[in-house]
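S.K.: Pasting in a structure now, in structure tokens, and then I'll have a few things to ask.
Taken together, the values in this text are just the output of simple stated rules run on the coordinates, not laboratory data. No experiment lies behind these values; they were computed from the predicted model shown. Neighbour counts are summed over all protein chains in view; Cβ atoms, including those assigned to glycine, are modelled from backbone coordinates with ideal geometry.
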Amino acid sequence: MTYVAPSHRAHSRFIVLGIESSCDETGASVLRDKGDLLSNVISSQVDIHALTGGVVPEVASRHHLEQVNAVVAEALSQAGVGFGDIDAVAVANRPGLLGALLVGVSAAKAIAFGLDIPLIGVHHIEAHIYANFLTNPNAPLPAICLVASGGHTEIFLIRDHGQYEVLGRTRDDAAGEAFDKCARVIGLGYPGGIEIDRRAKHGDSTAISLPRAYLTRDSLDFSFSGLKTAVLNLAKSELGNHPIEDWCASIQEAIVDVLVKKTIMAAHTHEIRSVMAAGGVAANSSLQARLREACEANGMSLVIPAPLFCTDNAAMVACAGAYRFANNLIDDLSLDTFPSEPLALASR
Ligand code: KG4
Ligand code: ZN
């Protein structure tokens, strides 16, 4: 429920504390106004979940609980501010692992209640998109934004701040899931995306022929399950016949080709000249380079966050929260958590 408490209206200068705990990173960040980043602290659980080859939700919640207070304290300390300096607290409350979200939301509620400051619930995918405004506050709108993460692959038309239209989405696996599942098939650890990126730099992307699913000619939807099956089948007989670097480069190119072509196609179809990218997969070096080339060749502007702001972090939550705070879009202490909620429906 969004309400505007007159005593809590945003003044022209303000400080927002952002908290992120939707999956396996506990993050806290302090942002002054909409774009002056004072700190961005991330405690990653990657090493813990690598032991099980993926995120175990119960384990993730437990570690968030152990880390959240220290991460918030560290973010304040690095920013050189105290609790008393914060004007609002923003927290990712949807979508994500319920138990994990609950930890961040409970911490944010305690801080908001204790300090009597506004609480702002932020959609995790909206936060990923706002990493672009953190990167460039003047990023032109309307824009086409590719969001590709471990759980999401969507193309959005962003008409204005807070106004999203889904133009296309994956029909099965997310792009990050495809990276991670293919990585596992070829014997790499979790999470595989970053490892594929690293090794692909020394591989030949034409070495192994892999499918690209474009679906119908003008479809902006994605499908990555066929790629995963193809890698699984081919690897049974061919894994040892090619250097692992060639597998990585071939898998990466098969995913990146489709992501880039459909993003540019969406921009052409909707006559948009501004492109953005967000989510963990947007950290991929080949995707960043290919999107740059494609935007340049098509006369489009591109904003793409640095890798640290593509993968899960609290700075993006603080930034999305700051825009909401500036527009007096604040919540109350009944703020709930939701495991899944489409962004277009969630935007207010
Ligand atoms: O956005 P994110 O950090 O968390 C979610 O909200 O899901 O995205 C995580 C996903 C994982 O699948 C991970 O393998 C992938 O992003 N990823 C990458 C790279 N860095 C992270 N995929 C390809 N190349 C990378 N450099
Ligand atoms: Zn994410």
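S.K.: Any idea which residue in region 292-323 is surrounded by the fewest Cβ atoms within 10 Å (Cβ to Cβ), counting only those that are over 19 Å from N138 (Cβ atoms) and touching a Ser or Thr at 6+ places or on another chain (Cβ under 9 Å)?
M.R.: P307
S.K.: Looking only at residues in region 135-152 that are under 21 Å from E271 (Cβ atoms) and surrounded by 23 or more Cβ atoms within 10 Å (Cβ to Cβ), which one is nearest to ligand 1 (Cβ to nearest atom)?
M.R.: Only one residue fits best here, namely V147.
S.K.: Mind checking which pairs have a first residue in region 136-152 that is over 16 Å from P307 (Cβ atoms) and a second that is within 16 Å of ligand 1 (Cβ to nearest atom) and of a type in the set (F, W, Y), Cβ under 8 Å, 6 or more apart or different chains?
M.R.: Here the result reads I144/F156; C145/F156, each pair linking region 136-152 to a residue that is within 16 Å of ligand 1 (Cβ to nearest atom) and of a type in the set (F, W, Y).
S.K.: Taking the options I251, I272, name whichever one is under 27 Å from N313 (Cβ atoms) and in a helix (DSSP H, G or I).
M.R.: Being under 27 Å from N313 (Cβ atoms) and in a helix (DSSP H, G or I) holds for just one of I251, I272, which is I251.
S.K.: Considering only region 69-87, I want to know if a residue exists there that is farther than 14 Å from A314 by Cα, more than 16 Å from ligand 2 (Cβ to nearest atom) and touching an Asp or Glu at 6+ places or on another chain (Cβ under 8 Å).
M.R.: No: region 69-87 contains no residue that is farther than 14 Å from A314 by Cα, more than 16 Å from ligand 2 (Cβ to nearest atom) and touching an Asp or Glu at 6+ places or on another chain (Cβ under 8 Å).
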